[in-house]
Amino acid sequence: MPAGLDNLKHIVVLMMENRSFDHMLGALMAQDKRIDGLDGTQQNPDTQGAMVPVQPLAEFQGQLDPDPDHHFPGVDLQIFGGAPPGNGRTANMQGFVKSYFQQQQDVNQSHKIMYYFKPDKLPVLTGLATQFAVFNGWFSSIPGPTICNRAFAHYGTSFGQVGMNIFEWKGPYLSIYERVLLAGRTAKIYYYDGPSSTMEIVNLLKNQPKIFGTFDQFLADCKSGNLPDYSFVEPNYNDHDSDSGAEIASDQHPDHHVQHGEIFINNVYNAIFNNEDLWKSTALLIVYDEHGGIYDHVVPPDCAPDDDAFAASADRTEAGFAFKFDRLGVRVPAILVSPWVQKNIVIPGPNQPNGRKFDHASIPATVMKFILKDFDPNTLSPDDRKKFLGQSRREQAADTFLDLLTDNMQPDDDIPSFVVQ
Amino acid sequence: MAKATAKAATNSRRRRVVPIPKPPKEAFNKDRPAGALLKAQALHLRHGLARYVQKVARHLHRVGELLAKDLSTIKTEGDVSEYARQVTAILHMKTIKRAAKFKQAAH
């Protein structure tokens, strides 16, 4: 077993909101050809027939208002360019501008969906991506919005949901937190604070306060060395007042200020780094829940369908066809931060040699591997063992990322410290 | 609450310093119209609250019955144990869940 895996005691996942890979990291390709990003030739047709190229004009705030459509039918248009459902259509990522036009009928505004950030505008995200492991092939789990995609991170399935509807947990699969607890280990969802709350209401109903904490508690747990085996961190989802003043949304969901999200990512990274023992024993995954309707050039690959019982009917997809969860959603940024990760490694995507594809079901799948590293499920009662080992088809088929931890540690003095000027 | 704009914590272990810009405070806007995600979150929270209220109401109804119980009707050890079981179940939620499991198993 590599030393990095042997030393691993904590997995932390920070899930941000609604930005595509190309939008945030695509420009890194100019300095590193291994990045499957943008070379400036990518384009989309607008509704006037003009071709709209990608451009490095993304701004931190005020540009993607209204919020680009990222519900199931809208994402279908983005991926398939408007080709009607049916056999024989080809995914081409040519419908992003058309989709954004539908919201305001404004041609100029629709072009902004092709804008991306230059690396120097996102020093934290690109700094971590170029220091640690960046995934060319991490996709949202469903070509749809937040709630169902986040469900894949928590359960390894969305139980048939492709949208934002309320859903009741009906099993048979437990959340990854409950499975970790069954193994006698610890897990927590850290939401930012009360006014921001969580997007994981289903678990909140069942497990408050057993598996929930706030971001202040996360910081305290990092400092005191009491971080659970598995932690899932949620950013601040809205602007609100608090006793200490204005709390600015840090989730980077359009139209929230992207730089505040950078600072939040840095705060999570620093909290782990600043406890030396924790730094040496933690893998931090920074990932986005979905692309938020923003352009990415990589066609989402097919995947193993989810359980038959979870297939979504045409009525539920509202896109004119049923969905078996056999295609991933649009690609999102994902970075694995650990001193045990090889410096500046790019994990190839599915269209590249030795390519791999990940999605949010990879999160519970990886946590299960981590727990099973030194836990024998045969110590559980038959009933609990069945619950503990229960995984959706999607989770069973999902790739995992613990193999990225190596025998060698990156030295502290080569690791970036992002300091606000 | 830890501020999102907090500066990087100082640490004795030396790292390569990368300066990053200070984000603007002007980004704060409580009056920004809530998007679909936040509206959905509010809906989900209300649903959660409704579920919680139903649960509490069931318990409150039961609490009312137990408070109104005429203790003079408790004559036997069996009567006491049944009353004690019900009150304890109210006071300890976990006990309630366990009792429910036993009840389900018995049927």
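Looking across the range A:201-253, the residues that are touching a helix residue (DSSP H, G or I) at 6+ places or on another chain (Cβ under 8 Å) and among the small types (Gly, Ala, Ser) come down to A:Gly213, A:Gly225, A:Ser231, A:Ala246, A:Ala249, A:Ser250. Of the residues making up the range A:246-258, those that are at the interface with chain B (Cβ under 7 Å from one of its Cβ atoms) and outside any loop (DSSP other than H, G, I, E, B) are A:Ala246, A:Glu247. Considering the range A:368-421, and only residues there that are part of a helix (DSSP H, G or I) and aliphatic (A, V, I, L, M), the residue that is nearest to B:Val17 (Cα to Cα) turns out to be A:Leu404.
If you filter the range A:264-300 down to residues that are of a type in the set (A, V, I, L, M) and touching a Lys or Arg at 6+ places or on another chain (Cβ under 7 Å), you find that the one that is farthest from the other protein chains (Cβ to nearest Cβ) is A:Val298.
Results for (1) exposed (fewer than 14 other Cβ atoms within 10 Å of the Cβ); (2) in contact with a Lys or Arg (Cβ under 8 Å, 6 or more places away or on another chain), shown as yes or no for each residue.
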position: A:Asp302; (1), (2): yes, yes
position: A:Asp307; (1), (2): no, yes
position: A:Arg316; (1), (2): no, no
position: A:Ser338; (1), (2): no, no
position: A:Ala361; (1), (2): no, yes
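Of the set (1) of a type in the set (A, V, I, L, M, F, W, C); (2) outside any helix (DSSP H, G or I); (3) away from chain B (no Cβ under 14 Å); (4) under 30 Å from B:Ala50 (Cβ atoms), all apply to A:Met164 but (3). The listed residues are A:Lys188, A:Lys210, and the only one of them that is surrounded by fewer than 17 Cβ atoms within 10 Å (Cβ to Cβ), more than 29 Å from A:Ala314 (Cβ to Cβ) and of a type outside the set (A, V, I, L, M) turns out to be A:Lys210.
In the range B:20-28, the condition of being at pLDDT below 90, farther than 30 Å from A:His260 by Cβ and part of a helix (DSSP H, G or I) is met by no residue.
Assess whether B:Leu60 counts as being within 11 Å of chain A (Cβ to nearest Cβ) and either out of contact with any strand residue (DSSP E or B) (no Cβ under 6 Å at 6 or more places or on another chain) or free of Cβ contacts under 8 Å to residues at least 24 places away in the same chain (or both). Criteria not met by B:Leu60.
Which one is farthest from the other protein chains (Cβ to nearest Cβ) among residues in the range B:11-56 that are out of contact with any strand residue (DSSP E or B) (no Cβ under 9 Å at 6 or more places or on another chain), of a type in the set (S, T, N, Q) and over 20 Å from A:Trp169 (Cβ atoms)? Taking the candidates together, the pick is B:Ser12. Scanning the range A:213-232 for residues that are over 18 Å from A:Thr366 (Cβ atoms) and surrounded by 23 or more Cβ atoms within 10 Å (Cβ to Cβ) yields a total of 3.
Within the option set A:Gly261, A:Gly329, being away from chain B (no Cβ under 14 Å) and touching a residue at least 60 places away in the same chain (Cβ under 8 Å) holds for one residue only, A:Gly329. Taken over the range A:335-380, residues that are closer than 17 Å to A:Tyr155 by Cβ and modelled with pLDDT under 95 amount to 0. For the condition of a type in the set (Lys, Arg) and within 14 Å of chain B (Cβ to nearest Cβ), A:Arg89 does not qualify. Suppose we keep only residues that are in contact (Cβ under 8 Å) with a residue 40 or more places away in the chain and part of a loop (DSSP other than H, G, I, E, B) within the range A:198-214. Which one would you say is nearest to A:His154 (Cα to Cα)? Step by step, filter the range A:198-214, then rank; the result is A:Glu200.
Residues that are in a loop (DSSP other than H, G, I, E, B), under 15 Å from A:Arg19 (Cα atoms) and in contact (Cβ under 8 Å) with a residue 40 or more places away in the chain within the range A:63-98 comprise A:Gln63, A:Leu64, A:Asp65, A:Asp67, A:Pro68, A:Asp69, A:His70, A:His71, listed in sequence order. When the criteria are applied in full, B:Lys69 fails the requirement of being among the basic types (Lys, Arg) and under 26 Å from the mean Cα position of the chain (by Cα). Restricting to the range A:280-296, count the residues that are crowded, with 24+ Cβ neighbours inside 10 Å and within 14 Å of the chain's Cα centre (by Cα). Number satisfying all stated conditions: 8. Just one of the listed residues (A:Asp32, A:Asp69, A:Asp39) is modelled with pLDDT of 95 or more, crowded, with 18+ Cβ neighbours inside 10 Å and not small (Gly, Ala, Ser), namely A:Asp69. Residues that are in a loop (DSSP other than H, G, I, E, B) and within 10 Å of chain B (Cβ to nearest Cβ) do not occur anywhere in the range A:218-233.
The values are calculated or read from the model by the stated rules, or taken from the named source; none is laboratory data. The structure presented is a predicted model; accordingly, all values stated were derived computationally and were not measured. In this analysis, Cβ positions are derived from the backbone assuming ideal geometry, glycine residues included, and neighbour counts consider all displayed protein chains.
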